[in-house]
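The values are calculated or read from the model by the stated rules, or taken from the named source; none is laboratory data. Predicted model, so just to flag it, every value in this text is computed and none were measured. Cβ placement follows ideal geometry from the backbone for every residue including glycine, while neighbour counts extend to all protein chains displayed. Calculation scope for accessible area: heavy atoms of the full protein, side chains included, ligands and nucleic acids excluded. Shrake-Rupley method; radii C 1.70, N 1.55, O 1.52, S 1.80 Å.
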Amino acid sequence: MHCVRKVTEDLYWVGANDHRLNLFENIHPISRGVSYNSYLLMDKKTVLFDTVDWSVCRQFLENVKAVLDGRNLDYLVINHMEPDHAASIEEILLRYPKVKVISTEKAFMLMHQFGFDVEERKEVVKEGDVKSFGKHTVTFVSAPMVHWPEAMVTFDTTNGVLFAADAFGSFGALDGKLFNDEVNFDRDWIDEARRYYTNIVGKYGPHVQALLKKAAGIDIKIICPLHGPVWRSNLGYFIDKYDKWSRYEPEEKGVMIVYASMYGNTESAATVLASKLVEKGITNVVMYDVSNTHVSQLISETFKYSHIVLASVTYNLGIYPLMHNYLMDMKALNVQNRTVAIVENGSWACKSGDLMAEFLDDMKQMSVLNERLTMVSSLNEEKIDEMDVLVDGIIESMKD
Ligand code: FEO
């Protein structure tokens with residue numbers, strides 16, 4: 001059975017949700033599923049904007065067929081070629097052999113690489129090109145590295161709809177609720193939106209900034225992303241989040257304590273640290289155990305908070321592997337502009353602190369506090385002064 005939603009009087013959401021997939025990109029857990037959004041414009045010409053992942057192709061095809069209601073499909077606009085949106089291109093080409101495909105030169109190269117035969121039906125567009133489908137006229141805006149190099153967004157100048165590709169997306173299946181004003185986004189969605197942005201597009205902050213600058217020059221009324229809710233109100237709220245995230249600016253002044261503990265001693269020190277901070281008035285404190293928190297969650301929270309405490313045991317004369325993995329991801333995703341404090345532990349050769357500091361040295365604008373807590377096996381009374389100095393150092397650095 002088809003399942004579609006109207007976005008405007010002649011634009012339909014024809015995407016689908018996947019609740020079965022455990023790992024997005026085979027790496028990021030998505031306990032609330034994910035939506036693959038595709039949109040069909042019923043103008044003088046019929047225009048499909050992007051397709052969906054192969055896993056939901058059958059639902060998608062039913063949706064397209066139902067909305068077309070016997071009409072032919074004239075155009076397929078491909079804004080982004082990652083297979084979670086592009087895998088069903090071939091099926092569209094087979095079912096609608098007269099369809100013309102509109103996309104960027106780089107996207108057509110990728111279609112060729114993925115084995116889609118579009119040579120006879122391709123219409124290459126570039127930044128600023130304009131196309132009319134009848135009542136609606138669209139303009140194409142290149143959006144390289146948001147999140148792949150071929151990406152573009154399409155803006156409908158007739159009604160202010162922005163087909164935003166991966167920008168402004170979120171993890172989470174829609175479950176019938178298509179629009180941002182049909183959900184409590186700030187309560188129920190923002191964490192998954194942040195986790196999506198930071199892990200998928202987070203590395204490309206400057207490219208997102210470039211796209212936001214272009215977007216500032218157009219009168220956007222509705223944002224149609226490829227994942228998550230469609231934005232038709234309070235657009236500034238989400239644009240502001242994107243602006244902060246892509247500038248690597250923390251959303252909140254607060255302390256995120258990330259600890260790696262084998263037998264609970266480093267965890268215990270992390271808890272003492274948290275309690276002391278709260279006692280001294282810093283109540284925005286969160287704690288995460290690297291061993292039971294997925295790294296995508298750690299990354300998301302790292303983008304949120306201004307101050308990070310890294311507390312790690314020494315393991316094989318190195319950083320605890322899961323802490324190391326987190327640091328590698330931080331570096332890969334270009335995390336920057338944070339204040340970091342270090343807590344290290346080691347029973348006979350404490351190395352983790354220096355090694356974590358080296359890691360942070362290689363990253364941009366990471367301010368590492370001079371105060372450091374070094375433990376030998378466990379925290380004890382002799383180390384409490386050192387802990388207090390660290391706590392005061394963190395609090396002092398939060399005054400800026
Ligand atoms: Fe949802 Fe970069 O694809």
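Observations on the model:
- Dividing the mean sequence gap of close Cα pairs (under 8 Å, 6+ apart) by how many residues the chain holds gives a relative contact order of 11 percent.
- Net dipole in debye of segment 165-314 [+1 Lys, Arg Cβ; -1 Asp, Glu Cβ; about Cα centre; nearest 20]: 420 debye
- Measuring nothing but how far apart in sequence close Cα pairs (under 8 Å, 6+ apart) lie, relative to its length, segment 260-400 scores a relative contact order of 25 percent.
- Compactness relative to 2.2 N^0.38 Å, alpha carbon Rg of the chain: 1.12
- Karplus-derived 3J(HN,Hα) values for segment 5-21, using 6.51 cos²θ - 1.76 cosθ + 1.60 with θ = phi - 60°, are 9, 7, 9, 9, 4, 10, 10, 10, 7, 10, x, 7, 10, 10, 9, 8, 5 Hz; glycine and proline are entered as x.
- Accessible-area value, residue 24, 1.4 Å probe, nucleic acids and ligands omitted, Å²: 10 Å²
- List 147, 112, 2, ordered by accessible area with a 1.4 Å probe, largest first: 112, 2, 147
- Built amide H within the under 5 Å cut-off of residue 15, gap 5+: 38
- Here's the picture: charge each Lys and Arg Cβ at +1 and each Asp and Glu Cβ at -1 in segment 255-397, and of 312, 393, 335 the one pushed furthest to the positive end of that dipole is 335.
- 13 Å beta-carbon shell around residue 286, net charge (K/R +1, D/E -1): -3
- Order by protection proxy (mean Cβ within 10 Å, highest first), peptides 122-129, 332-339, 285-292: 332-339, 285-292, 122-129
- Against the chain, whose longest principal axis comes from its Cα atoms, helix 57-68 is set at around 40 degrees.
- In order along segment 198-208, the phi-based Karplus estimate (6.51 cos²θ - 1.76 cosθ + 1.60, θ = phi - 60°) of 3J(HN,Hα) comes to 5, 8, 9, 10, x, 5, 9, x, x, 5, 5 Hz; Gly and Pro are listed as x.
- When you filter the trypsin sites (Lys or Arg not before Pro) in segment 38-91 for DSSP loop state and at most 16 other Cβ atoms inside 10 Å of their Cβ, you are left with 44, 71.
- Antiparallel DSSP beta bridges within the chain, as percent of all bridges there, nearest 5: 45 percent
- Derived scalar couplings ³J(HN,Hα) [segment 144-158; Karplus, 6.51 cos²θ - 1.76 cosθ + 1.60; whole Hz; x for Gly, Pro]: x, 6, 10, 10, 10, x, 7, 5, 9, 10, 10, 10, 8, 6, 6
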